[in-house]
Amino acid sequence: MCFSYSVNLQGKTIPTDLNISSANNSHQLGFFFNGFDHPNLPIISKIGETEIAQWGIIPKWIKSNHEAVEISNKTLNARIESIENKPSFSEAWKNNPCLILASGFFEWQHRNNNKNPFYIFPKNNEVLLFGGIFSDWFDPINSKWMRSYSIITKEANSLMAEIHNTKKRMPLIIPHHLAKEWMLGDYKQRFLLSKENSENYLTAHEVDPRLNSPKNNRNEAWAIQKYIPPQTTLF
DNA sequence: CCAGACGTTGTT
DNA sequence: GTCTGG
DNA sequence: CCAGACGTTGTT
DNA sequence: GTCTGG
């Protein structure tokens, strides 16, 4: 799963064949975004531009704002194994691929009955691209269309299985050299791309356990800084 | 056949 | 709109 | 889709 | 085996 990530894009490279001049500074940037807050964050839904969309896809057939909130709390992620057959995802999966711009993401390691947060990020200075899907929904209260997205997840690779050691899932990461193909291929090609292994691409370090409490303001630099846990006593 | 769900796996 | 559960 | 019925209309 | 109800 992937329920929180960071977006610090300044100075990060974007694949040149996506024809995007730079990671736009006008986008909302931050160290820690919680999916259940449904933040508006930058995605690429069309080659040549970035835009803002809301995290938690809302399918077209949703009728009310109340239903929209309910469903979007359950569509932060979409499992690649079943995405094609889920009513909430199938249409977007076939027609609306997108890339989500990030700098890293968070997972919790269960260790000694505690939950320890880790920050996972690319070894180089690239923008991290999650593979995702988007949808447009007409908001009847505000009388306007809004765009929303889901991050696709897959089985954890060995690095991620050590960190996310309970559910053993991870976000689908699209390597830069396959980004254009992700956007332009059909869903069968995208399914093949989802098998790509990002094993040597990522690294991780433990971060401050203050991330465990939503009462803390986690959207600060400490959220992604390396944290050395106190030495555990052996007795 | 119809009513009800539609989703993932939290740190709630 | 489409799928699932009963 | 699966579990359960699957029948008619007494004068018992 | 096939229909019906849920």
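Values in this text are rule-based calculations from the coordinates and carry no lab data. If you're wondering where the values come from, they're calculated on a predicted model, not measured in any experiment. When we count neighbours, we look across all protein chains shown, and the Cβ atoms used for this are built from the backbone with ideal geometry, even at glycine.
Listed values, structure above:
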read-out: Contact order relative to length of region A:126-219, as percent, for alpha carbon pairs under 8 angstrom and 6 or more apart; value: 22
read-out: Relative contact order, percent, chain A [alpha-carbon distance under 8 Å, six or more residues apart]; value: 22
read-out: Gain on full stretching of the segment that runs from A:ASN219 to A:SER82 - 0.36 nm per residue minus C-alpha separation; value: 46.1 nm
read-out: Convex hull volume per residue for chain A, taking Cα atoms only, in Å³; value: 134
read-out: GNM result for chain A, Cα springs below 10 Å: residue of A:PRO15, A:PRO214, A:PRO39 fluctuating most strongly; value: A:PRO214
read-out: Distance violations [Cα-Cα > 30 Å] among A:LYS74/A:LYS115; A:LYS60/A:LYS188; A:LYS60/A:LYS226; value: A:LYS60/A:LYS226
read-out: Backbone HN-Hα couplings from phi across region A:42-49 [Karplus 6.51/-1.76/1.60, Hz, Gly and Pro as x]; value: x, 9, 10, 10, 8, 4, x, 8
read-out: Helix-only mean residue ellipticity at 222 nm for chain A, each DSSP H run of n ≥ 4 adding -39500 (n - 2.57), per residue, nearest 500; value: -3500 deg cm²/dmol
read-out: Cα-centred dipole magnitude for region A:91-168, charges only on beta-carbon of K, R (+1) and D, E (-1), debye, nearest 20; value: 180
read-out: Within region A:34-164: Cβ-based charge dipole about Cα centre, in debye rounded to nearest 20 (Lys, Arg +1; Asp, Glu -1); value: 100
